[in-house]
Amino acid sequence: MTPDVRDRTGRPASLERFPEEGCPIPEASWDRALRLIGGHDEIALACHVNPDGDALGSMLAVAFVLRSMGKRVVASFGDRIFAVPRLLGFLPGQEMLVPPDEFPEAPDLMIVFDCSTFERVGLLGANAASAREVIVVDHHPSNTGFGTLDLIDANAAATAMLAEQLVYRLGGRLDRDIATCLYAGLVTDTGSFRYSSTTPAVHHMAARLVATGLRTDEIARELWDRSPFGYLKVLANALERVTLEGGLVWTYVSRVDRAAYGLPYSELEGIIDIVRRADEAEVAVVLKEDDHGDWQVSTRSKGTVDVAAVCAALGGGGHHNAAGYTSYETVEETMAKFRRELRRLS
Ligand code: 5GP
Ligand code: MN
């Protein structure tokens, strides 16, 4: 696979082989994005709070290309406690990250990655609201567009697929750093190429990325096969109280559970994947108490139930089979409301 065979638009010719999966973003929008980027020397990038591999990977990949074009680049995410999740510590380019209080207050041009709603921009929402131009790069079907320019493809398996296009269109080439960032996004959002979003275009993109020589085995180990010992204990607690109610399986992890083992919140991401294994359940829920005492609710469906609709009704969003929201109530109250919305919408 040669990553640098281009057609007229700067895309690799191989992207053209799956026209049925063609990107719905109009050429005029891409053109406008290139003009906006071309017209600014300083560009501020943001991704969603508590970033996952797709959010941070997409943002850093584009940051690398902008930097190679001679742009001044700042990149951040709007968490009150600013820390790159340990799982993502291996991603290159983190020297380009700044905490949200060092982010330009009113950037001329801001690009926002993987945020389905304005709320997902977190603390940097104020900066986005004051920015002259905001380009939204995203793949969430629920995203109705909140930028001055929206590059949204609800059929893309990951924002990284759009970031890859942006890289080529900006005249960038895949090097191992950029490919590592994009691969982290692709592999995260497709559940290691297991979810139904794993189209031929996804595998095709993976081939281009892997061809740069990146170590897929090392990336997989970083993302999924490492945890501090305390994770096993916290997981054991969560599984001890896991509950099956009809087609719903759910559990929770409190701050107190984590504090006993000094386990950071970001280590809890994989628990939903274990809980949703229960064959008897159509829907899985894990309530994770963050360091502020708010409950981050992770939900998964096996297909018949649209958890994005349920979560949207509760103030969040996401995808048909994977969605979430924040609850400021107790575990019992949170679950009571969730059950009510689940019954109403399924
Ligand atoms: P996770 O359970 O892995 O944190 O999130 C699953 C999906 O739900 C992700 O695609 C994410 O974008 C979405 N999601 C999670 N939490 C929220 C939230 O608070 N608001 C919105 N709009 N989407 C969320
Ligand atoms: Mn994503």
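The values are calculated or read from the model by the stated rules, or taken from the named source; none is laboratory data. Here the structure is a predicted model, which means the values were calculated and not measured. With ideal geometry, Cβ positions are generated from the backbone for all residues, glycine too; neighbour counts draw on all protein chains shown. Note: accessible area is taken over every heavy atom of the protein model, side chains too, but ligands, DNA and RNA are not part of it. Shrake-Rupley method; radii C 1.70, N 1.55, O 1.52, S 1.80 Å.
Some points to look at:
- Length released on extending from Lys302 to Arg221, taking residue separation times 0.36 nm less the Cα-Cα span: 26.6 nm
- With the charge dipole of the chain set up from +1 on Lys and Arg Cβ and -1 on Asp and Glu Cβ about the Cα centre, the Cα lying farthest toward the positive end among the listed residues Tyr265, Gly89, His203 is that of His203.
- The length gained by stretching the chain between Arg72 and Glu280 to full extension, at 0.36 nm per residue less their Cα-Cα distance, is 69.7 nm.
- Relative packing of 23-36, 288-301, which averages over residues the other C-beta atoms within 10 Å, highest first: 288-301, 23-36
- Long-range amide H partners of Gly147 with built H, under 5 Å: Val136
- Helical content of the chain, expressed as a calculated mean residue ellipticity at 222 nm, amounts to -10500 deg cm²/dmol (DSSP H runs of 4 or more residues, -39,500 (n - 2.57) each, divided by residue number, nearest 500).
- For the peptides 175-188, 104-117, the ranking by mean Cβ contacts within 10 Å, running from highest to lowest, is 175-188, 104-117.
- Helix 229-240 axis, angle to the chain major axis (alpha carbon atoms, nearest 10°): 50 degrees
- Residues Glu240 and Ala106, FRET efficiency given R0 of 35 Å [Cβ-Cβ distance, rounded to 0.05]: 0.10
- Fraction of accessible area attributable to carbon and sulfur, the chain (%, probe 1.4 Å): 49 percent
- Cα long-axis angle, helix 331-345 against the chain (0 to 90 degrees, to the nearest 10): 70 degrees
- DSSP beta bridge pairing in the chain, given as percent antiparallel to the nearest 5: 40 percent
- Bridge type composition, segment 229-345 - antiparallel percent by DSSP, nearest 5: 75 percent
- Take the Cβ atoms of Asn155 and Ala259, set R0 to 45 Å, and the FRET efficiency comes out at 0.60.
- Under the convention that each Lys and Arg Cβ holds +1 and each Asp and Glu Cβ holds -1, the size of the dipole of the chain around its Cα centre is about 420 debye.
- Legend: calculated FRET efficiency, Val98 to Arg343, from the Cβ-Cβ distance at R0 = 56 Å, rounded to 0.05, equals 0.80.
- Model label points for Glu42 and Ala83, set 7 angstrom from Cα along the Cα-to-Cβ axis, are 3.0 nm apart.
- With respect to the chain, whose longest principal axis is taken over its alpha-carbon atoms, helix 200-210 is tilted by about 70°.
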